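Structure first, commentary second.
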Amino acid sequence: MERALKEYEKKKKKAEEKRKNLEEKYTSKLLKKKHEILKNLEKLEKKEIPKKIDERIKQVVERERRSYVDTLRRILERIENIEELGRFLPELSKLHISHGKHLLLVFEKEVYAINKLLKEVSEEYTEYIRKVAEISIEPIELDSILSNIENAKKQLESEEEDLKLLKSELEEKERELKSKMVKLEEELEKIESKIRNLNSSIAKDEIEIRSKISKLQKPIKRMRTGERTANEILKDSSYGIDHPEEFLSFLIKIRERLEGKYKQTADWILENLEPKSEEIKKRKRKLKEFENRRAEILREKRKLESEIEIIKKRILEKEKRIKRLKDKLLELEKELDESLSKLEKILNTSIDRP
């Protein structure tokens, strides 16, 4: 391939030399024509309008001549070589047919002489373009393609290495989660069991106390003490559990007014409310500790799961980038093969593929 590229560069250099020679040759012809046109423009500009022409027509012709001469001269002054001519041909062609009917009637010979030269210039440009096309060699950017292939391969290698590391990291995190979750699940199961037992014992004691307090609601209502504690107890029996000292103080005051089973219930409350309320508070504090630890375990689990999801997402993105790079590499290799085929055609020889 290296030898073929050297041969191609030689051919390209020769073609470029030929193109430069053509450019110089046709630029020389163009500049001569340009000089002739400018001379003809000067003649047209200086030639007097025949006296027999009507004054109104004469003014129109003068205006058309001035516009035609100024425009054509301005265009020609901007053309320095045959390559630049191509950019101005549309303007010259337009001017060739839009010089004004009155101008052509009065200065037919001069305008036709200029138009003939413009036509020759256009034909010579067409001839130049055809000859350039005949000697031109199709540009082949093999170095650029090979460089892009090399870069794409390096990027692909780097991305695949990153993917391997990410997959290894994912496996490690999944092992970590599995290992931790065995311990966490065991701890969580024990905590859930303790939470259930505590909730059950708390509920049992609260129900027992509320039941006892509820039995006193009827006699308390009949007493019509008007005290705030009495009103709160009548609304909700659990008030006594939440405010044991206040309720016990109230109960001591009304104990002597109670009879029979109500007095027995009051005595049970006086004996058991404070220690049971304190025990319930202790259990609730313990319950809160277990609930906090459960939330902590679940947060730890979610954190690990989130880390794993982030790695999985990065793996998917990496796999997409790798696919894009592989597709790009295939396109570049196809482009390389097409360029080598063109080179084979130019050199009329076969080239070994890399």
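The values are calculated or read from the model by the stated rules, or taken from the named source; none is laboratory data. Just so you know, these numbers come straight off a predicted model, no measurement behind them. For neighbour counting, all protein chains shown are included, and Cβ atoms are generated from backbone atoms with ideal geometry for every residue, glycine included.
General observations
- Restricting the first member to segment 170-188 and to residues that are in contact (Cβ under 8 Å) with a residue 12 or more places away in the chain and not assigned by TED's automatic domain parsing to the domain that holds residue 295, and the second to residues that are part of a helix (DSSP H, G or I) and not charged (D, E, K, R), no beta-carbon pair is closer than 9 Å while six or more apart or on different chains.
- Residue that is in a helix (DSSP H, G or I), of a type outside the set (Gly, Ala, Ser), surrounded by 14 or more Cβ atoms within 10 Å (Cβ to Cβ) and in contact with a Leu (Cβ under 6 Å, 6 or more places away or on another chain), where the choices are 329, 304: 304
- Scanning segment 311-354 for residues that are of a type in the set (A, V, I, L, M, F, W, C) and either modelled with pLDDT of 85 or more or within 23 Å of the chain's Cα centre (by Cα) (or both) returns 311, 315, 316, 322, 325, 329, 330, 332.
- The residues of segment 84-112 that are in contact (Cβ under 8 Å) with a residue 40 or more places away in the chain, buried (at least 17 other Cβ atoms within 10 Å of the Cβ) and assigned to a helix (DSSP H, G or I), listed by number, are 85, 102, 103, 106, 110, 111.
- Look at segment 46-60: where a residue is within 15 Å of residue 107 (Cβ to Cβ) and a partner is outside any helix (DSSP H, G or I) and of a type in the set (Val, Ile, Thr), sitting 6+ places away or on another chain with Cβ atoms under 7 Å, you get 58/49.
Matching residues to (1) hydrophobic (A, V, I, L, M, F, W, C); (2) under 57 Å from the mean Cα position of the chain (by Cα); (3) closer than 30 Å to residue 300 by Cα:
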| site | (1), (2), (3) |
| --- | --- |
| 191 | yes, yes, yes |
| 231 | no, no, no |
| 252 | yes, no, no |
| 255 | no, no, no |
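- All of 193, 214, 201 fail the test of being touching a Ser or Thr at 6+ places or on another chain (Cβ under 7 Å) and within 30 Å of residue 283 (Cβ to Cβ), apart from 214.
- Residue within segment 299-312 that is out of contact with any strand residue (DSSP E or B) (no Cβ under 8 Å at 6 or more places or on another chain) and under 30 Å from residue 14 (Cβ atoms) present: no
- Among the residues of segment 136-171, those identified as surrounded by 15 or more Cβ atoms within 10 Å (Cβ to Cβ) and among the aliphatic types (A, V, I, L, M) are 137, 140, 142, 145, 146, 149, 152, 156, 163, 166, 170.
- Among residues of segment 314-333 that are in the same structural domain as residue 160 (by TED's automatic domain parsing) and more than 12 Å from residue 156 (Cβ to Cβ), those with a beta-carbon under 6 Å from a residue that is modelled with pLDDT of 90 or more and part of a helix (DSSP H, G or I) at least six positions away or on a different chain give the pairs 314/166; 315/166.
- Among the residues of segment 195-236, those identified as assigned to a helix (DSSP H, G or I) and among the β-branched types (Val, Ile, Thr) are 195, 202, 207, 209, 213, 220, 229, 233.
- Matching residues in segment 172-190 - criterion: being loosely packed, with under 11 Cβ neighbours inside 10 Å and over 30 Å from residue 284 (Cβ atoms): 175, 178, 179, 182
- Any chance residue 241 is within 20 Å of residue 260 (Cβ to Cβ), out of contact with any strand residue (DSSP E or B) (no Cβ under 6 Å at 6 or more places or on another chain) and assigned to a helix (DSSP H, G or I): no
- All positions within segment 158-188 that are among the aliphatic types (A, V, I, L, M), under 34 Å from the mean Cα position of the chain (by Cα) and closer than 18 Å to residue 299 by Cβ: 177
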